[in-house]
């Protein structure tokens, strides 16, 4: 990213081809994301077996956390309006006449995504249609495997789903390896064509995103820990290692073994840790959801599109569903943002530009998701066997 910003003015018109790499990567991500989302949802439905009461508690806590994260992202974007700071004078300008002043009818858009067949949703990257189809297939297969006559056949289908999911994860991993080159190309092209003016808008974009994540961590998570009677000093001592790993790997899934070790040191039961950090991670993606809520409004503001409260709520629902579908994959936040923007009809022109700085904000998303898994596990453990931590008297320390 830094290299692109420095060399862009020197390379001048030669950056045009480099800038196309960003568009290619975005297109490849969109192509891989739809089938990955489909198989991931079916696989999760088939493999998830949890106690009803614990599952209910997990869903409630995750829903509250996600709602708070969404509200935080939306409020910050509405108050600070980061999209209005983005200035692009040449090249791909999201505020061009094709989009400026456009009204988006989200309700009409959503109704239009009720699938009429099983093919076009994948061709159109229609995330809501794909999710509906995946849910139907997943629950139908669960029902079929309980029938003795189809027990063996359904097991073969389950294995095929797991294999296809793994294949799509590998394909997406290959695409992700191109991101550093794409970031260099987009950064170089941006400053070559527009100077350093767009950097102010991108800096505001990153700053608002990280501010929202920080607010959620400091206020929401610490409030939950106090409610659970968990010492804040002890929690942060044990959370330090997972936080560093998440920041380095940019993946809450890759950090999972370290997260489980930290939860074990915090005396959280294995059952609660497994449910909260392994199963609940598909529902509990606060970092992704908060970022997407902020980023969707950023794109709309940069494009001159006004979104009312009702439109924002509907867009937020799409963000939640998308985040659950791609949880755990590399660059999950950016992958699902591409799907959300495509689904609700907002311009994708700006995505290559946002990709140039996503390396920074992605680390914040991963850290937030890891802390979210840890807090959820602690809350589930306290709900199953209420007790007061011996360090609770010093919980404010």
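Miscellaneous remarks
- Gained length - residue 214 relative to residue 117, 0.36 nm times residue gap less alpha-carbon distance: 30.6 nm
- As a proxy for reagent exposure, 278, 319 were ordered by neighbouring Cβ count within 10 angstrom, fewest first; the result is 278, 319.
- Each label point was placed 7 Å from the Cα along the Cα-to-Cβ direction; for residue 317 and residue 360 their separation is 3.5 nm.
- Inter-label distance, nm, simple model (7 Å from Cα along the C-beta direction), residue 53/residue 13: 7.3
- Rough spin-label spacing in nm, given labels placed 7 Å along Cα→Cβ, for residue 164 and residue 267: 4.8
- Which of 294, 167 has the fewest Cβ neighbours within 10 Å, and the rest in rising order: 167, 294
- Cβ crowding within 10 Å, taken as a proxy for footprinting-reagent exposure, orders 382, 142, 166 from fewest neighbours to most as 166, 142, 382.
- Gyration tensor (alpha-carbon) shape descriptor, segment 159-249, a/c threshold 1.5: oblate
Values quoted throughout were computed directly from the atomic coordinates according to the rules given, and no laboratory measurement underlies them. In this text, all values refer to a predicted model and were calculated from it rather than measured experimentally. Reconstructed Cβ throughout: ideal geometry from the backbone, glycine too, with neighbour counts over all protein chains shown.
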